[in-house]
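The values are calculated or read from the model by the stated rules, or taken from the named source; none is laboratory data. Computed from a predicted structure; not experimentally measured. Methodologically, a virtual Cβ is constructed for each residue, glycine included, from the backbone with ideal geometry; neighbour enumeration extends over all protein chains shown.
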Amino acid sequence: MQSYIILLALAIISPVVFIRLADGSNLMDIPNERSSHKTKTLRGAGIISVVIFLIGISLFQKPQWWLISGLLLGATAGFLDDRYSLRASIRAVLYGISTLLIFYQLHLIYNLSLTIQLVVLFTVSLGTVNAYNFMDGINGITLIYTTIFLITALVLSSLGYIDQQITSPIVFFLIALLPLFYLNLRVKALAFLGDVGSVFIGFFVVYLSGLIFLERLSLLPFVFLLVYGVDSVITIVQRLLKGQNIFQAHRMHLYQLLTNEGGHNHLKIALFYALVQLLINLLTVVALQYAIPDNLIALVMAVAAALFYVIYKFFYVLPSLEKVNIQ
């Protein structure tokens, strides 16, 4: 309990400290034609969560040094990218090393005898981190979405579906996110998480997903990230069919269309994404209570989510935006 109080105290004072230190620096996000915001905004606030969480996991429990190294390297790469705009090749190498460090902590390299499995998980992990990185342009979406993922993991732990030893790290991480709610969960954000924050969060989600995967030996962790996953995968397919370079920035994700072209409030879209994921998670937990196989749950949820997404985006949102543009 004392550890939680100390971390909460740090969480309370950290936003003021960050704003004072960052104000006047070059940690400023300047909007461009592909941005989802219109005014210059401080970025890099995610460094607050990095510091608070690493203090918690290093000092108040037995340190997991490979995990700490992976998270710290990913966050450092994100911070350098916020400040100096790293080349994509350098960023990819650093993210790849971070992923391997986390895999080593999870003993995934030893548990997966088939190379193809490791390659698939490595690719999915990097895709997850990139999805988190990209989502930071919508105020509050990363924070609310991640909080639902973390609380779901706590529920699974309390029900005995996964190891209860993950409780403390998750609580540390939830506390570390609190200052970012103050700075980012606004119509006009005081600060963005920046790559340092979104990448750090993405890698912790990868770590937790890996733990759930190893506990259940199923696709269950992907269900708890299904909204991000479906949006990312279908948008990639859409861009490939249009002959676009999928490695270039764009504004074709559903949340971008709703906020930029549709003019919807950032917080409403963030809540929409989070509530859909929350519904999926609740249905999944109920299904687990009835002993329905994990992979069957994952298949049904994935098909349902994909169908909903396709119908909503391609048969409602895009036609509506075309009508507005014509008028």
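Data overview
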read-out: Residues of segment 174-191 classified as within 16 Å of the chain's Cα centre (by Cα), surrounded by 24 or more Cβ atoms within 10 Å (Cβ to Cβ) and not aliphatic (A, V, I, L, M), total; value: 1
read-out: Near pairs, Cβ below 7 angstrom, 6+ apart or cross-chain, from segment 90-111 (farther than 19 Å from residue 63 by Cα) to any residue that is in a helix (DSSP H, G or I) and not hydrophobic (A, V, I, L, M, F, W, C); value: 91/81; 95/74
read-out: Odd one out for residue 43, checked against (1) under 19 Å from the mean Cα position of the chain (by Cα); (2) within 15 Å of residue 171 (Cα to Cα); value: (2)
read-out: Which listed residue, of 310, 303, 286, is under 22 Å from residue 141 (Cα atoms) and not polar (S, T, N, Q); value: 310
read-out: Residue check for residue 194: on the phi > 0 side of the Ramachandran plot, surrounded by 23 or more Cβ atoms within 10 Å (Cβ to Cβ), among the small types (Gly, Ala, Ser) and within 17 Å of the chain's Cα centre (by Cα); value: yes
read-out: Meets criteria (within 19 Å of residue 123 (Cβ to Cβ) and either surrounded by fewer than 23 Cβ atoms within 10 Å (Cβ to Cβ) or modelled with pLDDT of 90 or more (or both)) for residue 210; value: yes
read-out: Candidates 63, 169 - the one that is out of contact with any Pro (no Cβ under 9 Å at 6 or more places or on another chain) and surrounded by fewer than 20 Cβ atoms within 10 Å (Cβ to Cβ); value: 63
read-out: From 257, 278, residue being modelled with pLDDT under 95 and either within 22 Å of the chain's Cα centre (by Cα) or on the phi > 0 side of the Ramachandran plot (or both); value: 257
read-out: Conditions (1) modelled with pLDDT of 95 or more; (2) surrounded by fewer than 22 Cβ atoms within 10 Å (Cβ to Cβ); number of the one not met by residue 149; value: (2)
